[in-house]
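Some notes on the structure that comes next.
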Amino acid sequence: MKPKVIVIAGPTASGKTALSIELAKKINGEIISADSMQIYKDMNIGTAKVTEEEAEGIKHHLIDFVDPDQRYTVSNFKNDSEKVILDIIARGKYPIVVGGTGLYIDSLIYGIEYQEMNFDEEYRNELMKIAETDIGLVSLYEEAKKIDKQAMEKISNNDKKRIIRVLEIYHATGKNKTEQERLSRINGIKYDYRVFAISRDREKLYDRINKRVDIMINQGLIEEVKNIYEKYSEFPTAMQGLGYKEVVEHLNGNLSKEEMIDLIKKETRRYAKRQLTWFRKNKDIVWLDAEKGIQNNIDIILEGIK
């Protein structure tokens, strides 16, 4: 029998952190972050990284360990997270994977082995330049649909990062993303993943997102970005992340502070919508209603892992 691993997914600002910490306290668990931005050092405010006080003594893994100017792939995440899961189980504790990065979570629950690829930086830069305009991004989306219609069913037409990823994979390997994933599943799934996701009323979720952005600004997000620029000699790839690229535009004089804040809120709401679309494609996910409270959802999770 495969060891059970709990997965708590959901959109940004839905309440994953609070739920997972309370659950971990009840079942002697440790948390593995499945967030593609929280891996980076020095990027604390803009990624809503859990603080020591918020963690309440619960061990968190795969947070704050990669330099912002370093590339970290989904393949790296899968290898690292499975090592951590094995270690947690060996110590008699319960692994709880928590995050909103759908690709990271899918790599685990579907047993996808993403091969390391030698990506063409020149090709990527060319795609990024095309994607700077709405018309260019639409053209890339249509091109990606021709290459991999099945993969694009889970990707929205404004999801620049994932559209480019589909094109990069095909450019690097000659196989599309769907075919790569099919071939990678041959080895099967290592653990018995029990997957849950948090839902929240759309307007209430958007309100939480807006308030979170205001808090980030008040906590010093702009100073955080300035400090990263000073610390790292090369332009960090991670600075293209949501909340960071908008601050960069502000610092470069392209956006006023008010325009920057409004844009971060708008793009974060759009990101939350894309996350929900991604997770709703998984018919095996048990959805938790945030409005019913943490204890109610913990009870559902505990029942679901029996």
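The values are calculated or read from the model by the stated rules, or taken from the named source; none is laboratory data. Just so you know, these numbers come straight off a predicted model, no measurement behind them. Positions of Cβ are generated from backbone atoms using ideal geometry, with glycine treated the same way; all protein chains shown enter the neighbour counts. These area figures cover heavy atoms from the full protein model, side chains too; ligands, DNA and RNA do not enter into them. Shrake-Rupley method; radii C 1.70, N 1.55, O 1.52, S 1.80 Å.
Yes/no per residue for (1) closer than 15 Å to residue 15 by Cα; (2) out of contact with any strand residue (DSSP E or B) (no Cβ under 8 Å at 6 or more places or on another chain); (3) open to solvent by less than 70 Å² (accessible area, probe 1.4 Å):
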| site | (1), (2), (3) |
| --- | --- |
| 211 | yes, yes, no |
| 224 | no, yes, yes |
| 230 | no, yes, no |
| 249 | no, yes, no |
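The residues of region 95-124 that are part of a helix (DSSP H, G or I) and within 22 Å of the chain's Cα centre (by Cα), listed by number, are 102, 103, 104, 105, 106, 107, 108, 109, 124. I'd like the residue in region 274-290 that is open to solvent by 60 Å² or more (accessible area, probe 1.4 Å) and at pLDDT below 95 and, out of all such residues, is nearest to the chain's Cα centre (by Cα). Among them, the one singled out is 277.
Scanning region 19-37 for residues being open to solvent by less than 30 Å² (accessible area, probe 1.4 Å), over 19 Å from the mean Cα position of the chain (by Cα) and among the aliphatic types (A, V, I, L, M) gives a total of 2. Name the single residue, out of those in region 78-110 being among the basic types (Lys, Arg) and without any contact (Cβ under 8 Å) to a residue 24 or more places away in the chain, that is least open to solvent (accessible area, probe 1.4 Å). So the residue we want is 91. All but one of (1) crowded, with 24+ Cβ neighbours inside 10 Å; (2) within 19 Å of the chain's Cα centre (by Cα); (3) more than 26 Å from residue 270 (Cβ to Cβ) hold for residue 40; state the number of the condition that does not hold. Looking at each condition in turn, residue 40 falls short on (3). Whenever a residue of region 54-76 is closer than 14 Å to residue 43 by Cβ and β-branched (Val, Ile, Thr), it has no partner that is surrounded by fewer than 16 Cβ atoms within 10 Å (Cβ to Cβ) and modelled with pLDDT of 90 or more lying with C-beta atoms less than 8 angstrom away and at least six residues away or across chains. Highlighted here would be helices (runs of 4 or more DSSP H) found entirely within region 126-182 that include at least 2 residues which are aromatic (Phe, Trp, Tyr), open to solvent by 50 Å² or more (accessible area, probe 1.4 Å) and in contact (Cβ under 8 Å) with a residue 40 or more places away in the chain, but there are none. Out of everything in region 251-268 that is hydrophobic (A, V, I, L, M, F, W, C) and under 25 Å from the mean Cα position of the chain (by Cα), what residue ends up being most open to solvent (accessible area, probe 1.4 Å)? Only one residue fits best here, namely 263.
I'm trying to understand the selection: among the residues of region 1-18, which are over 17 Å from the mean Cα position of the chain (by Cα) and open to solvent by less than 10 Å² (accessible area, probe 1.4 Å)? Within region 1-18, 5 is the sole residue that qualifies. Count of region 43-62 residues, restricted to those that are hydroxyl-bearing (Ser, Thr, Tyr) and surrounded by 20 or more Cβ atoms within 10 Å (Cβ to Cβ), is 1.
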